[in-house]
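So the structure is just underneath, and the comments pick up after that.
The values are calculated or read from the model by the stated rules, or taken from the named source; none is laboratory data. None of these values were measured; they are calculated from a predicted model. As a convention, Cβ positions derive from the backbone with ideal geometry for all residues, glycine included, and neighbour counts pool all protein chains shown.
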Amino acid sequence: MKLYNIKENDEQVSFGQAVRQGLGRNQGLFFPSQLPQFDDVDALLDEDFISRSSKILSALIGDELPQDQVNAMVDAAFQFPAPIKQVKEGVYALELFHGPTLAFKDFGGRFMAQSLAAVSNGGKITILTATSGDTGAAVAHAFYGMEDINVVILYPKGKISPLQEKLFCTLGNNIHTVAIDGDFDACQALVKEAFDDAELREEIGLNSANSINIARLMAQICYYFEAASQLTKAQRENLVISVPSGNFGNLTAGLLAKALGLPVKRFIAATNANDTVPRYLETGQWDPKPTIATTSNAMDVSQPNNWPRIEELCGIKQWGLDTLGKGVVSDAQSAASVRELNELGYLCEPHGAIAYRVLEDQLAEGETGLFLCTAHPAKFKEVVDDILEIDIELPAPLAKHAVMELLSEDLANDFEALKTVLRKANK
Ligand SMILES: Cc1ncc(COP(=O)(O)O)c(C=O)c1O
């Protein structure tokens, strides 16, 4: 697999390099030079999740890793299902929260851990990642206890749900968690600054597990195929998929699935009040505003990292950006949608409910709608309990961590202070 740097096209790397490096020069994202095409998608959809995903990922990776090895990686990473559930006539929820940390990030995080182990050159690696909530847990659990890999996770202090925090800040061992005095964009900016520091990068074997890492995105492609495989052929020919979006990795993966041949009529980018992309699609002006805190906090991102990949892909495929659906949902509307879904007999948290709201508003006659449920409702227990006046029972992984001690350290939004933490973690 060859990839190029979107910002500096002359930088070309292999899959292994892209996974090890994370970002290219000048903070450029890597993008595949060629995308395989699956001509017989129906046959592919007839296969089971693991063998189909192995085929997709192997076709992307090419001859850099043998098929058997990719099979083993997928088998180890995807040990949980991605079922769809009908919530009403023609509308389905894709449940991506059946992994160990109850969020869609388990797919990408675990496949990335497998990929890094497969392509590492030996020597110590430091994974530095910023999280708005769920990436942290998925990455921490995927890499926990792995030899020669230290993980440093930055998160905005006080701006993620207490249960999200408990799930990854209680592990210890090779997992170091840092509560930054700032918002998610500040955390993301610190990660970028670290990547710009060539000396530091070399010294501690810096790598990122954010959705900027291509291995994570590649894994996410697979569950779009898995969702379609559970629909009838007629339904998937009119399929509209609504994606709750923050950093826009999930939507990038969906569009990549379409580029590989998955028949999707339309994608919808659903956001909360952090609406940089919907406004951009409306006005053509990229005008990020300060990040606003919402009840769908994992989507509180005003400078979405993955957007350049979407523009690149749409440019290559000549898909006009105006073919992308968009919608902005307020906290009040998302709470009303959580209630609406509950009345339909479906328990959902605010991120999924945002995708549902926009889908419901925009789905046309004869179309089949799918909205992505990116986290288990219990991960946002405080918000969901409050909206529905219920007391959701914690699933086992959450209940276990909820009573454990937080091991995070607090840090100012300061790069020099972060460097000290990174060097210490690498010892
Ligand atoms: C629960 C949940 N939903 C949606 C998103 C947004 O996904 P993306 O950042 O890929 O757009 C996130 C990202 O952290 C998330 O944790």
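Is it true that VAL358 is within 14 Å of the ligand (Cβ to nearest atom), within 18 Å of VAL277 (Cα to Cα), at pLDDT below 95 and touching a Ser or Thr at 6+ places or on another chain (Cβ under 7 Å)? Criteria not met by VAL358.
Here is a yes/no grid of residues against (1) β-branched (Val, Ile, Thr); (2) farther than 23 Å from LEU372 by Cβ; (3) out of contact with any His (no Cβ under 9 Å at 6 or more places or on another chain); (4) in a loop (DSSP other than H, G, I, E, B):
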{"position": "GLY16", "(1), (2), (3), (4)": "no, yes, yes, no"}
{"position": "ASN26", "(1), (2), (3), (4)": "no, yes, yes, no"}
{"position": "PHE38", "(1), (2), (3), (4)": "no, no, yes, yes"}
{"position": "ILE50", "(1), (2), (3), (4)": "yes, no, yes, no"}
{"position": "SER53", "(1), (2), (3), (4)": "no, no, yes, no"}
{"position": "LEU60", "(1), (2), (3), (4)": "no, no, yes, no"}
{"position": "ASP68", "(1), (2), (3), (4)": "no, yes, yes, no"}
{"position": "ALA72", "(1), (2), (3), (4)": "no, yes, yes, no"}
{"position": "PHE107", "(1), (2), (3), (4)": "no, no, yes, no"}
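Within segment 116-130, the only residue that satisfies the criterion of being without any contact (Cβ under 8 Å) to a residue 60 or more places away in the chain and in a loop (DSSP other than H, G, I, E, B) is GLY122.
Of everything in segment 231-262 that's under 24 Å from VAL338 (Cβ atoms) and not in a strand (DSSP E or B), which residue is farthest from the ligand (Cβ to nearest atom)? Restricting to residues being under 24 Å from VAL338 (Cβ atoms) and not in a strand (DSSP E or B), the top hit is GLY254. Against the numbered list (1) farther than 30 Å from ALA186 by Cβ; (2) in contact with a helix residue (DSSP H, G or I) (Cβ under 9 Å, 6 or more places away or on another chain); (3) not in a loop (DSSP other than H, G, I, E, B), HIS98 comes up short only at (3). For LYS88, the conditions (1) free of Cβ contacts under 8 Å to residues at least 60 places away in the same chain; (2) assigned by the TED database to the domain that holds ASN342 are fulfilled apart from (1).
May I ask you to list the residues in segment 100-124 that are more than 16 Å from the ligand (Cβ to nearest atom) and not charged (D, E, K, R)?
ALA113, GLN114, SER115, LEU116, ALA117, ALA118, VAL119, SER120, ASN121, GLY122, GLY123
Assess whether GLU340 counts as being part of a helix (DSSP H, G or I), closer than 21 Å to LYS258 by Cα and of a type in the set (D, E, K, R). Here the answer is no, as GLU340 does not meet what is asked. When restricted to residues that are in contact with a helix residue (DSSP H, G or I) (Cβ under 9 Å, 6 or more places away or on another chain), of a type in the set (D, E, K, R) and away from the ligand (no atom under 12 Å from the Cβ), segment 370-385 contains 2. Residues that are at pLDDT below 95 and among the aliphatic types (A, V, I, L, M) do not occur anywhere in segment 57-65. With respect to the conditions (1) among the polar types (S, T, N, Q); (2) touching a Gly at 6+ places or on another chain (Cβ under 7 Å); (3) closer than 17 Å to ARG20 by Cβ, ASN210 falls short on a single one, namely (2).
Determine, yes or no, whether LEU372 is closer than 30 Å to VAL91 by Cα and part of a strand (DSSP E or B). Yes; evaluated as a whole, the condition is true for this residue. The residues on offer are PRO304, PRO397, and the sole one that is at negative phi, touching a residue at least 40 places away in the same chain (Cβ under 8 Å), surrounded by fewer than 19 Cβ atoms within 10 Å (Cβ to Cβ) and out of contact with any strand residue (DSSP E or B) (no Cβ under 8 Å at 6 or more places or on another chain) is PRO397.
Note on segment 263-280: among residues that are outside any strand (DSSP E or B) and away from the ligand (no atom under 15 Å from the Cβ), the one that is nearest to the chain's Cα centre (by Cα) is VAL264.
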